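Engineer: One structure, as structure tokens, below. Some questions next.
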Amino acid sequence: MNIPGYQWVTERATGVPVGPAYTGRMKSIAEIRKSYERAELDESASLADPLQQFEQWLKEAISSEVPEPNAMTLATVGSDLRPSTRVVLIKDFDARGIVWYTNYESRKGRELAGNPYAALQFHWVELERVVRIEGVVERVSADESDAYFHSRPLDSRIGAWASPQSEVIPGRTVLVTNAAKYAAQFLLQPPRPPHWGGYRLKPDTWQFWQGRKSRLHDRLRYTQQDQGVWLRERLAP
């Protein structure tokens, strides 16, 4: 597989080159390599509370204008023990956990109903950073789901009714027809569907990964101890 070579990473906000992206001119996918040289992460510079560390990194991702800094991969496991992943968007976070919204009858909804443990991952490529979060998931309150649903654009609220998420459909016409039907039925005030709402993952483990030169990356893990205390440890990359 021939892939053109890349020489420099460019800072999105300023357009200024910040360092080499890939080494040499690749001839195959196996030759794609990146030298990570943007930053470092050590125990003395990291915060003792992983939620505060996450907030700091998220703010930096947003201010750096990386593409979709709020996008995260959600991993769940079904009753057949097969894992599955998909990208969702973080909509809130606080001491209670990380929140996103979706269709409760989707594959992820069904898998969370059977196994409430899940993992999240943020990958901010331009910053050479990864955050991994593990914990137990529960639904947010109906009031929280209602409040967020009614803040969404009208088309998105209609879409929540129109899409039987994860089900097989014969074609896109099904979605368009459903959207037209519910738009006519609800006009400007669609209620929140009973099958749609929020989830909150309550973290018990966090990992922060910062790319470093020569593959000697920085990797800090926080695990929850008694009385809400977090144990911070360095892991080999």
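The values are calculated or read from the model by the stated rules, or taken from the named source; none is laboratory data. The shown structure was predicted, so the numbers you read here are calculated from the model rather than taken from an experiment. All Cβ positions, glycine included, derive from the backbone under ideal geometry; neighbour counts span all protein chains shown. Ligands, DNA and RNA are excluded from the accessible area calculation, which covers all protein heavy atoms including side chains. Shrake-Rupley method; radii C 1.70, N 1.55, O 1.52, S 1.80 Å.
Engineer: Within the set of pairs 6+ apart or on separate chains, which have a first residue in the stretch 127-154 that is farther than 11 Å from residue 200 by Cβ and assigned to a loop (DSSP other than H, G, I, E, B), a second that is open to solvent by 60 Å² or more (accessible area, probe 1.4 Å) and not polar (S, T, N, Q), and C-beta atoms under 9 Å apart?
Structural biologist: 128/37; 128/38; 128/212
Engineer: Also, quick follow-up: Does the stretch 124-144 hold any residues that are under 16 Å from the mean Cα position of the chain (by Cα), crowded, with 17+ Cβ neighbours inside 10 Å and under 28 Å from residue 110 (Cβ atoms), and which are they?
Structural biologist: To start, the set of residues in the stretch 124-144 that are under 16 Å from the mean Cα position of the chain (by Cα) comprises 124-137.
Keeping just the survivors that are crowded, with 17+ Cβ neighbours inside 10 Å gives 124, 126-135, 137.
Within the stretch 124-144, 130, 131, 132, 133, 134, 135, 137 qualify.
Engineer: Another question, then. Can you confirm whether residue 43 is farther than 22 Å from residue 210 by Cα and either surrounded by 15 or more Cβ atoms within 10 Å (Cβ to Cβ) or in contact (Cβ under 8 Å) with a residue 40 or more places away in the chain (or both)? Outline the logic, then answer.
Structural biologist: Working: farther than 22 Å from residue 210 by Cα: no; either surrounded by 15 or more Cβ atoms within 10 Å (Cβ to Cβ) or in contact (Cβ under 8 Å) with a residue 40 or more places away in the chain (or both): yes.
Taking the combined requirement at face value, the residue does not satisfy it.
Engineer: Same structure again: Count, please, the residues in the stretch 68-89 that happen to be touching a residue at least 24 places away in the same chain (Cβ under 8 Å) and under 16 Å from residue 131 (Cα atoms).
Structural biologist: Step one: of the stretch 68-89, the residues touching a residue at least 24 places away in the same chain (Cβ under 8 Å) are 69, 71-79, 84.
Imposing the further condition that a residue be under 16 Å from residue 131 (Cα atoms) reduces the set to 69, 71-75.
Of the residues in that region, 6 qualify.
Engineer: Is the stretch 179-187 home to any residue that is part of a loop (DSSP other than H, G, I, E, B), open to solvent by less than 30 Å² (accessible area, probe 1.4 Å) and either modelled with pLDDT of 95 or more or not acidic (Asp, Glu) (or both)?
Structural biologist: Step one: filter the stretch 179-187 for residues part of a loop (DSSP other than H, G, I, E, B), giving 187.
Okay, now just the ones that are also open to solvent by less than 30 Å² (accessible area, probe 1.4 Å), so none.
No; the residues of the stretch 179-187 include none that is part of a loop (DSSP other than H, G, I, E, B), open to solvent by less than 30 Å² (accessible area, probe 1.4 Å) and either modelled with pLDDT of 95 or more or not acidic (Asp, Glu) (or both).
Engineer: Would you be able to say whether some residue in the stretch 101-111 is aromatic (Phe, Trp, Tyr), in a helix (DSSP H, G or I) and either open to solvent by less than 80 Å² (accessible area, probe 1.4 Å) or over 24 Å from residue 228 (Cβ atoms) (or both)?
Structural biologist: Going residue by residue through the stretch 101-111, those that are aromatic (Phe, Trp, Tyr) are 101, 104.
Now restrict to residues that are in a helix (DSSP H, G or I): none.
Looking through the stretch 101-111, none of the residues is aromatic (Phe, Trp, Tyr), in a helix (DSSP H, G or I) and either open to solvent by less than 80 Å² (accessible area, probe 1.4 Å) or over 24 Å from residue 228 (Cβ atoms) (or both).
Engineer: Restricting to the stretch 189-237, name every residue that is loosely packed, with under 11 Cβ neighbours inside 10 Å and of a type in the set (Ser, Thr, Tyr).
Structural biologist: Scanning the stretch 189-237 gives a single hit, 214.
Engineer: Could you check the stretch 53-75 and list, in sequence order, the residues that are not polar (S, T, N, Q) and not in a helix (DSSP H, G or I)? Give the derivation first.
Structural biologist: Just the residues of the stretch 53-75 that are not polar (S, T, N, Q), to begin with: 54-55, 57-62, 65-69, 71-72, 74-75.
Answer for the stretch 53-75, where residues must be not polar (S, T, N, Q) and not in a helix (DSSP H, G or I): 65, 66, 67, 68, 69, 71, 72, 74, 75.
Engineer: While we're on this one: Going by what's in this entry, would residue 157 be described as assigned to a helix (DSSP H, G or I) and open to solvent by less than 70 Å² (accessible area, probe 1.4 Å)? Write out each step before concluding.
Structural biologist: Details: assigned to a helix (DSSP H, G or I): yes; open to solvent by less than 70 Å² (accessible area, probe 1.4 Å): yes.
Yes, satisfied.
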